[in-house]
1. Taking the stated definitions as given, is THR117 in a loop (DSSP other than H, G, I, E, B), modelled with pLDDT of 80 or more and buried (at least 20 other Cβ atoms within 10 Å of the Cβ)?
2. Are there any pairs, at least 6 apart or on different chains, whose C-beta atoms fall under 9 Å, with the first in the stretch 192-211 and touching a residue at least 40 places away in the same chain (Cβ under 8 Å) and closer than 21 Å to ALA425 by Cα and the second part of a loop (DSSP other than H, G, I, E, B) and of a type in the set (Lys, Arg), and if so, which?
3. Could you pull out the residue among VAL223, VAL212, VAL207 that is surrounded by 15 or more Cβ atoms within 10 Å (Cβ to Cβ), touching a strand residue (DSSP E or B) at 6+ places or on another chain (Cβ under 7 Å) and more than 22 Å from LYS120 (Cβ to Cβ)?
4. Inspect the stretch 60-72 for any residue being at pLDDT 95 or above and surrounded by fewer than 21 Cβ atoms within 10 Å (Cβ to Cβ) and give the result as yes or no.
5. Here is a list of conditions, (1) modelled with pLDDT under 95; (2) crowded, with 21+ Cβ neighbours inside 10 Å, and LEU228 meets all of them except one; can you say which number that is?
6. If a residue must be of a type in the set (S, T, N, Q) and more than 25 Å from GLY349 (Cα to Cα), how many such residues does the stretch 33-92 contain?
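The values are calculated or read from the model by the stated rules, or taken from the named source; none is laboratory data. Since we're looking at a predicted model, the values are computed, not measured. Positions of Cβ are backbone-derived with ideal geometry, glycine not excepted, and every protein chain shown enters the neighbour counts.
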Amino acid sequence: MGDPSFSVSRKTVVAETADKTVSFHTLGCKLNTYDTVWHREQFEQAGYRVVPFGETADVTVVNTCTVTGQGDAQSRQMLRKAHRASPEGFVVATGCYAQTDPDEIAAMPEVDLVVGTTEKTQLLDLINDTCSLGRTFVTRSRSTDFQDMDIMNFGGRSRAFVKVQEGCNEFCSFCIIPFARGRSRSRTIESTVAQVERLVQAGYGEVVLTGVHIGDYGTDLDVAFVDLLEAIDQVSGLERFRISSVEATFLTDEVIDFLASTPRFCRHLHVPLQSGDDGILEAMRRPYDSAFYRSLLDQLADRIPGIGIGADVMVGFPGESEGSFRNTVHLIESSPLVFLHVFPYSPRGNTPAAKLPDHVDPAVKKQRGAELRKLGQSKTEAFCRKFLGQTLDVLFEGRREAQSGLLQGVTDNYVRVFSPGPDAAKDSVLPVSLSHMEAGRVVGNIVAS
């Protein structure tokens, strides 16, 4: 760790200056965004003033991503940018890339501190402790307990997020996340409900439950996912709640029955697909086949009318032939899926998929990705058109669209809506009459109470 008696003056300044500044940059998923918002709140409580990333700052925190090779490269790029913007500042790398390959990041001369996913809650203390070190300090370990990271201020967002689960036990053949986030662990129902109650009291009308593998919630606590949902549904004053993403095999009949029964559930689910070909699903080590997945979507659409269902879809997994890809296209075309997140397969070290033969040419991946994105756009637009002429509740966000000046928000089933209206409508759930589509967007008018 270096000679403790050797100090670097620019690092000492971080601990002593009265007007301490910090900036953040986040790569990757919504969980990383959640972690960054939590860090921001902690730094502000410690007296730091937050400045935009790219401006001079005493401390710059880059929350890294490693889900793809591009994520690694972008993380390194942002760390170098942080140092260029603040050559006398203190540069911190945290997040998944910092957990899986800390030595690679530590070798970068621009980086002063590398913090893995377990020690992230100690980030402020680690910065102070590292002030006396003469070179990059690396801290990384494995956690077996859930770490409560409550956030009360989501920076002007109209909805609040509550992380209820961390880690993953599935070990799909292509995925490095279990190595980055650790084994599955859950927040207690009592702690979760208490946080939701605090957020409702703070004025948030919608709460989003989030986690790495949220359907696996409770397996370490001897409770079920549906138990958590039922407890949250009882919170007084909560207008609605949303589930960020849940694997197909964890949407049991019991869970679906409950979601269909409560008006507080936002009719929107993200159910990762990855591939519509059974051979590819088996090679991916996904715990379902295409028939199970399709049957589940039909069940959701039948039990919860108007539900908006999204999915992750990977293109170019090793061995994906043209026929395999066509099976995926056919499943999406014929199913109730309406929102697609499409991304190319990226080999990750130490994963079984990286050792498979028949890797797909990058140009083919690009073409297949473009085809699926186009398909996804057409399905999203067709879904939105079904609600024209209806009045739906819209949670308006705290900012207007820059170009048009219109208010913007989302319905419970994730239709994005634009509407004229007063600033008083921001951060509120209001009925909106959806009138027409304009340049692929849904436009409506707030219904007077």
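1. Yes; evaluated as a whole, the condition is true for this residue.
2. Between residues of the stretch 192-211 that are touching a residue at least 40 places away in the same chain (Cβ under 8 Å) and closer than 21 Å to ALA425 by Cα and residues that are part of a loop (DSSP other than H, G, I, E, B) and of a type in the set (Lys, Arg), the close pairs are TYR204/ARG157.
3. Only one candidate qualifies: VAL207.
4. The answer is no; no qualifying residue exists.
5. Against the list (1) modelled with pLDDT under 95; (2) crowded, with 21+ Cβ neighbours inside 10 Å, LEU228 comes up short only on (1).
6. Number satisfying all stated conditions: 6.
Residue-wise test of (1) of a type in the set (S, T, N, Q); (2) assigned to a helix (DSSP H, G or I); (3) surrounded by 15 or more Cβ atoms within 10 Å (Cβ to Cβ); (4) touching a residue at least 24 places away in the same chain (Cβ under 8 Å).
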| position | (1), (2), (3), (4) |
| --- | --- |
| SER236 | yes, no, no, yes |
| VAL246 | no, no, yes, yes |
| LEU259 | no, yes, yes, yes |
| GLU282 | no, yes, no, no |
| ASP298 | no, yes, no, yes |
| MET314 | no, no, yes, yes |
| GLU320 | no, no, yes, yes |
| LEU331 | no, yes, yes, yes |
| VAL338 | no, no, yes, yes |
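Listed here are the residues, each with its yes/no results for (1) among the hydroxyl-bearing types (Ser, Thr, Tyr); (2) surrounded by 13 or more Cβ atoms within 10 Å (Cβ to Cβ); (3) closer than 27 Å to LEU269 by Cβ; (4) in contact (Cβ under 8 Å) with a residue 60 or more places away in the chain.
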{"residue": "PHE317", "(1), (2), (3), (4)": "no, yes, yes, yes"}
{"residue": "ALA353", "(1), (2), (3), (4)": "no, yes, yes, yes"}
{"residue": "ASP358", "(1), (2), (3), (4)": "no, no, no, no"}
{"residue": "GLN367", "(1), (2), (3), (4)": "no, yes, no, no"}
